[in-house]
Amino acid sequence: SEFIPGTVLISLLCLALVLSSSVGALGYIGVPFQDLMSGALTVVVAIGVDDMFVFHDALNRQTRKKRHLPARDRFALAFSSSLPAVVMSSLTNFLSFGAS
């Protein structure tokens, strides 16, 4: 697997932004931070890291196959090819945690 500079850092930055905005939004609407929420945030981080691996693999595949395309097009192809896996993973997690 080829390392593409910056993609890991960008992915981690997106994950940090999602976590901070989620905690901020919950605080804004008046939901107090509880111990259970720290466990839920751990699950969110794990799901986010899993989605990063799926996207990074798709980006590596697009880079190997279509190196002649500009980076913007390779990113778009990677997003479109990894979207079904990310959506199914997220829906499965949402339904399993929502049912419990």
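Tell me, please, whether a residue that is in contact with an Asp or Glu (Cβ under 6 Å, 6 or more places away or on another chain) and assigned to a helix (DSSP H, G or I) can be found in the stretch 56-65. Please lay out each step first, then the result.
Our first condition is that a residue be in contact with an Asp or Glu (Cβ under 6 Å, 6 or more places away or on another chain); within the stretch 56-65, this holds for 60.
From what is left, the residues that are assigned to a helix (DSSP H, G or I) are 60.
The answer is yes, given that some residue of the stretch 56-65 is in contact with an Asp or Glu (Cβ under 6 Å, 6 or more places away or on another chain) and assigned to a helix (DSSP H, G or I).
Counting only residues that are part of a helix (DSSP H, G or I) and aromatic (F, W, Y), which one in the stretch 17-55 is surrounded by the fewest Cβ atoms within 10 Å (Cβ to Cβ)?
Here is the first cut: in the stretch 17-55, the residues part of a helix (DSSP H, G or I) are 17-28, 35-55.
So of that shortlist, the ones also aromatic (F, W, Y) come out as 28, 53, 55.
On the way: Y28: 9, F53: 11, F55: 21.
Ranking the qualifying residues of the stretch 17-55, first place goes to Y28.
Kindly indicate the residue of the stretch 66-97 that is part of a loop (DSSP other than H, G, I, E, B) and of a type outside the set (D, E, K, R) and also surrounded by the most Cβ atoms within 10 Å (Cβ to Cβ) among those meeting that condition.
This residue is L69.
Please verify whether L12 is under 17 Å from the mean Cα position of the chain (by Cα) and either more than 15 Å from V54 (Cα to Cα) or at pLDDT 85 or above (or both), treating the condition exactly as stated. Working first, answer last.
Values: under 17 Å from the mean Cα position of the chain (by Cα): yes; either more than 15 Å from V54 (Cα to Cα) or at pLDDT 85 or above (or both): no.
Against the criterion (under 17 Å from the mean Cα position of the chain (by Cα) and either more than 15 Å from V54 (Cα to Cα) or at pLDDT 85 or above (or both)), L12 does not qualify.
The values are calculated or read from the model by the stated rules, or taken from the named source; none is laboratory data. None of these values were measured; they are calculated from a predicted model. Using ideal geometry, Cβ is built from the backbone for each residue, glycine included, and neighbour counts are taken over all protein chains shown.
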